[in-house]
């Protein structure tokens, strides 16, 4: 998408035709707005973040604070009920959401940075550099993620940022494959060749053509990675290798509640529901971004 | 084709060897097998710790330990466990047989579901069915495997309470003690498989059906399919003979490459349904800092993953002749 100038219908009054340049970002934004599920998901997701950070701060109970009400079902006083020790589950779920979000967003950013750098260097240089670097990524990919993460997290983990580090240390390999593929295909594109023929330097080609064009795929991948990371983090916490008390995460809350499913089902349903809402909205946002960045792909699919 | 196959097989061997070293080094670096002994209250006597150090080869350097572990594997010896009476090799073999039936059946069900639903949603694109299936697919993609498994387990328990007998098994891979007679034993095993298999299959199917749908749509819009229609073939015939065959080729690769995440899903599923399989073995080994057991588990998992990657490459070569000569 090197051509970013498009004529728009006349909006200004004084002239008959007004041609305004639209930036790439504006185009992407407009296309994103056409994806209804993605827009709704984005609103829900932002609302959820606000609820977790601002709502948790405003809410009358703190997470982990003991109230006199033990094991009460959801009510106005305790929207998500309380556990057997009298802790307000709403506050707990909000804190779990904060930690789970922090882990997954850190994983997505860290893995994307390392993976993109790794993959694009491999793709850009090609040859034996590419072979060696991609074989290393392949090696990481042969290990079942959750097993290695559990092994590493058992002795190094516990706090949320260490868990994030462990997961990111494994996820970058996925990103590097995507980034390499993008760089490889972009390197051969006609507009890169055209730019080179016009006398553009390597730096200009990379900054003006490769990076903006690769940004879409990388951003889409980053979004999806947040969803994957939150599922892995909650699974790890469920197995007992993730975030440990007194910290909490959505996975840990589900894990603690599973024995009480018959007596206090609200403890089980709400954290699970929050995991699903986060992963679901992020997947839809990713889908919308993919369509927005790559309109050609949408046309093929329809 | 033979040369291609031989080349790919030869290439897998160094990958496996390097993977085994990384696994062993990571396992040894991340856990101290003697820590539980040292942290015991009252602490274990020094001579016990010294004896354990020698028994677990901890007095030797990492490389020596690695080579004796790797060499032992060829003779069926997977190294000493922290539980002195345990034999890692035979334990893993038993567990492997338990887990493989869960994974194999779940993958089969997931594949059939993915192909049927993927094709139907592609054929009836933008219909009510398409929207429902797509939404359900997104929902399963967003659902944590353990949460769904716990829900299914609870549904099974409530069903049992409603009918008043143990109609669906919710715990373990076989009754304790196992029933007498081959027929009764097999029935019992199948009864225990129902819920975990459904749970693992549904979690895996979502991504695959989305993939089948996209790949089917792409094929149905291609020129040669239009040509087949133009020369007068029926829609159904074009769909099955020309469309589906081509659309399924990339799916073989995707399923084969997903094996690592299915193994991960099986670990969680087994944990929920309290199966004594590979998943339970891994979790227990990690908790006990049983380095040799954890490394052996990971080596088996890595071997399975590499074997599936190899299979995917070879299958792709068989299904798509262009690959062989590339």
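The values are calculated or read from the model by the stated rules, or taken from the named source; none is laboratory data. Not measured: the values here are computed from a predicted model. Using ideal geometry, Cβ is built from the backbone for each residue, glycine included, and neighbour counts are taken over all protein chains shown.
A single entry from A:211, A:178 fulfils the requirement of being buried (at least 16 other Cβ atoms within 10 Å of the Cβ) and in a helix (DSSP H, G or I): A:178. One residue alone among B:156, B:76 is touching a helix residue (DSSP H, G or I) at 6+ places or on another chain (Cβ under 6 Å), at positive phi and free of Cβ contacts under 8 Å to residues at least 60 places away in the same chain, and that residue is B:76.
Where helices (runs of 4 or more DSSP H) fall entirely within the stretch B:1-58, those with at least 2 residues that are farther than 24 Å from residue A:170 by Cα, modelled with pLDDT of 80 or more and in contact with a helix residue (DSSP H, G or I) (Cβ under 8 Å, 6 or more places away or on another chain) are at B:2-30, B:46-55. Restricting B:224, B:316, B:292, B:281 to those that are in contact with a strand residue (DSSP E or B) (Cβ under 7 Å, 6 or more places away or on another chain) and either within 30 Å of residue B:31 (Cα to Cα) or away from chain A (no Cβ under 11 Å) (or both) reduces the list to B:292. Scanning the stretch A:225-250 for residues being more than 17 Å from the chain's Cα centre (by Cα), assigned to a helix (DSSP H, G or I) and either more than 7 Å from chain B (Cβ to nearest Cβ) or within 13 Å of residue A:103 (Cβ to Cβ) (or both) gives a total of 2. Residues that are surrounded by fewer than 19 Cβ atoms within 10 Å (Cβ to Cβ), in contact with a helix residue (DSSP H, G or I) (Cβ under 8 Å, 6 or more places away or on another chain) and more than 14 Å from chain A (Cβ to nearest Cβ) are absent from the stretch B:138-153.
Residue by residue, here is whether (1) within 30 Å of residue B:35 (Cα to Cα); (2) touching a residue at least 12 places away in the same chain (Cβ under 8 Å) holds:
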site: B:212; (1), (2): no, yes
site: B:236; (1), (2): no, no
site: B:244; (1), (2): no, yes
site: B:263; (1), (2): yes, yes
site: B:267; (1), (2): yes, yes
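Filtering the stretch B:243-260 for residues that are under 26 Å from residue B:13 (Cβ atoms), at pLDDT 85 or above and within 9 Å of chain A (Cβ to nearest Cβ) leaves a non-empty set. Figure legend. Inter-residue proximity from the stretch A:195-207: first residues within 17 Å of residue A:120 (Cβ to Cβ), second residues surrounded by 12 or more Cβ atoms within 10 Å (Cβ to Cβ), beta-carbon distance below 8 Å, spacing 6+ or different chains. Indicated pairs: A:204/A:195; A:205/A:192; A:205/A:195; A:205/A:196. Residue A:281 falls short on exactly one of the conditions (1) at pLDDT below 90; (2) more than 8 Å from every other protein chain (Cβ to nearest Cβ); (3) buried (at least 21 other Cβ atoms within 10 Å of the Cβ); (4) outside any loop (DSSP other than H, G, I, E, B), and that condition is (1).
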